[in-house]
Every structure is written in C-alpha cells, then in structure tokens.
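Structure, as structure tokens:
Throughout, read-outs are computed from the coordinates displayed, never taken from laboratory work. Everything numeric here is computed off the predicted structure, so don't read it as measured data. Glycine gets a Cβ as well: all are built from the backbone with ideal geometry, and neighbour counts include every protein chain shown.
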Amino acid sequence: MWRTMQLMLLALMLLPLSLGADDNTVDFDADVAFASFRTFAIKDGKIDSARPEVNNSLVANSLKKAIRDELVTRGLKETADKPDILIQYIIDATEYSVGSGGRANPIGPGRGGRAERGGSTATPVDFIEGILVIDVSTAQPAQLVWRGVYRDDEKNSAKFAQKLTGDARKLLSQYPPKKKS
C-alpha cells in the first residue's frame, strides 16, 4: 500500500514535466523540386475529437488561416483553379487519465471530464495528447510530398485548441525543406 502511494505521488510530481513536451517531425520526398510549386489550395481538414473546444468551425477556420498565411509568407499563392499543391490537415485529440502506478490510460468517447446523463461520475481527464498532421500533396498526379506532424500534450482540450495555429506555423516553418548538403 505504501509503495503504491509513493509511486502515485512520484507520477503526479512528474506529470507537469511531461505536459509541456511538444515534439514535431517533418518528412518529405527528397526528389521533389519544391521550388517549382507556385500555387496551393487548402482542402477541408479532419478533426477527430469529441471535445467541442477542439471540434468546431472556429478552430478549423483559424487553423486554415494560419496555414494560408504561412504559405503566402513563403511565396506561394492560393488558388482554387489548378493548384500545384493541395494542403490537408488532420487533428486528433485523445484524453488520458493517470491511473494507479502513474500509468496513463486513454479515456473512451463520452467517458471523460463530465458526468454522463443519468450518472454522477466520470473519468477525470488528467491531460490531452493532441496531434496535428499537415500533408502537402501534388495535385496532378496526387502524391504526398511533404508531411509535418506536431504532437502536443496539454492539461486540457481548450489549451490544445488555442495552440494549434502556433503549432501549424512551427511545422510550416520547415517548408519548403532545405536541401541536404
């Protein structure tokens, strides 16, 4: 019993250290001439979260604007007519509770944060693991040429949603990729 309590205390003390940890990766096709791309279009993205703080048109629109602004800054022009590249994003947010022994357990849909209808208990949400994926594909022929993935752990889904535009900018700061020497 005492050993379990010690482990739980240690896990709770280490939890704030892990919540600030963001990481990102970018992968691309090294054979693609990114400098030849002049125009882009942003396709509708996919938001995979039951949380209304994340899954709403305001979040989607602000993310599209951040992507658009970053690509325009990089010299690309948005067009609906025959773009060189298509941009698509995916947002995924998974809620976790910290169980005995400090183990993070994913919370299934409808079980976190609030009491369910007809019940008075809910699984507490200790943190959200959010993932933003931005894909850049050629339009003709359709081929993935660049992918950025940003992983962010936050205390709640509202904080994750607020950080999405900055996360998108950080990813796209690596577009177009630098040639390796």
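Summary table below
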{"read-out": "Residue order, fewest to most surrounding Cβ atoms within 10 angstrom, among Glu154, Glu95", "value": "Glu154, Glu95"}
{"read-out": "Unsatisfied cross-links (Cα-Cα over 27 Å) in the set Lys64/Lys159; Lys82/Lys159; Lys64/Lys155", "value": "Lys82/Lys159"}
{"read-out": "For Asp69, net neighbour charge (Lys/Arg +1, Asp/Glu -1) across residues whose Cβ lies under 11 Å away", "value": "+3"}
{"read-out": "Aspartates and glutamates with Cα under 19 Å of Lys43, excluding same-chain neighbours fewer than 8 positions away", "value": "Asp69, Glu70, Glu78, Asp81, Asp84, Asp92, Asp135, Asp167"}
{"read-out": "Aspartates and glutamates whose Cα lies under 12 Å from that of Lys179, excluding same-chain neighbours fewer than 8 positions away", "value": "Asp29, Asp31"}
{"read-out": "Alpha-carbon centroids, the range 53-110 and the range 125-150: separation in whole Å", "value": "8"}
{"read-out": "Residues Ser62, Ser36 arranged by fewest to most Cβ contacts within 10 Å", "value": "Ser36, Ser62"}
{"read-out": "Vicinal HN-Hα couplings computed from phi for the range 49-58 (Karplus, 6.51 cos²θ - 1.76 cosθ + 1.60; Hz; Gly/Pro x)", "value": "7, 7, 6, x, 5, 9, 8, 7, 5, 5"}
